[in-house]
């Protein structure tokens, strides 16, 4: 009887160790995959998003200028201060692009690019609203950034895509108007 109980305890211990090892491996895989996805960035063009009627409605007639120019301090004196906004969109967000449904009624998720474009629209709307609240009539010198690293571009923006949502962060300055190029 004593040998059987030792064998039983040893078997339970081995099963517990295997279960703990499996759990640790799964946890490590999840941590690594989420860290890897946060480091991935997607660079997309701004023009298609600005051309959408829904984006123009979100801007409410407020002009925006992407890209910080070297002569920015002379061309557009800031009214308020720096404005910034961060927004995200989810692959199943139907308030932005409408939706495609399968015959059984399930929603088809948006692509990563569509989700990033929707996140840009949401972020621009928030940025313009903050600029208006600070007395601005335009938003200039808009840059996108991730982890405090700026992407200064007049034609592209940076998005951090993910399985659950895609995020866009913008920073700009409230101004009286967009300066002539």
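Any read-out appearing in this document is the output of simple, stated calculations on the displayed coordinates, not a laboratory observation. None of the values given here were measured: they were computed from a predicted structure. Virtual Cβ from ideal backbone geometry, glycine too; neighbours counted across all protein chains shown.
The label point for residue 147 and the one for residue 81, both projected 7 Å from the Cα toward the Cβ, are 2.7 nm apart. Residues 81, 165, arranged from fewest to most other Cβ atoms within 10 angstrom of their Cβ, appear as 81, 165. Relative contact order of the stretch 42-175, taken over Cα pairs closer than 8 Å and 6 or more residues apart, is 40 percent. Taking 0.36 nm per residue of separation and subtracting the Cα-Cα distance, full extension of the segment from residue 40 to residue 114 would add 25.0 nm. Counting beta carbons within 10 Å around each of 149, 160 and listing the fewest first gives the order 149, 160.
Highest mean packing comes first when the peptides 85-91, 103-109 are listed by Cβ atoms within 10 Å, giving 85-91, 103-109.
FRET efficiency for the residue 100 to residue 154 pair, using the beta carbon distance and R₀ = 30 Å, is estimated at 0.40.
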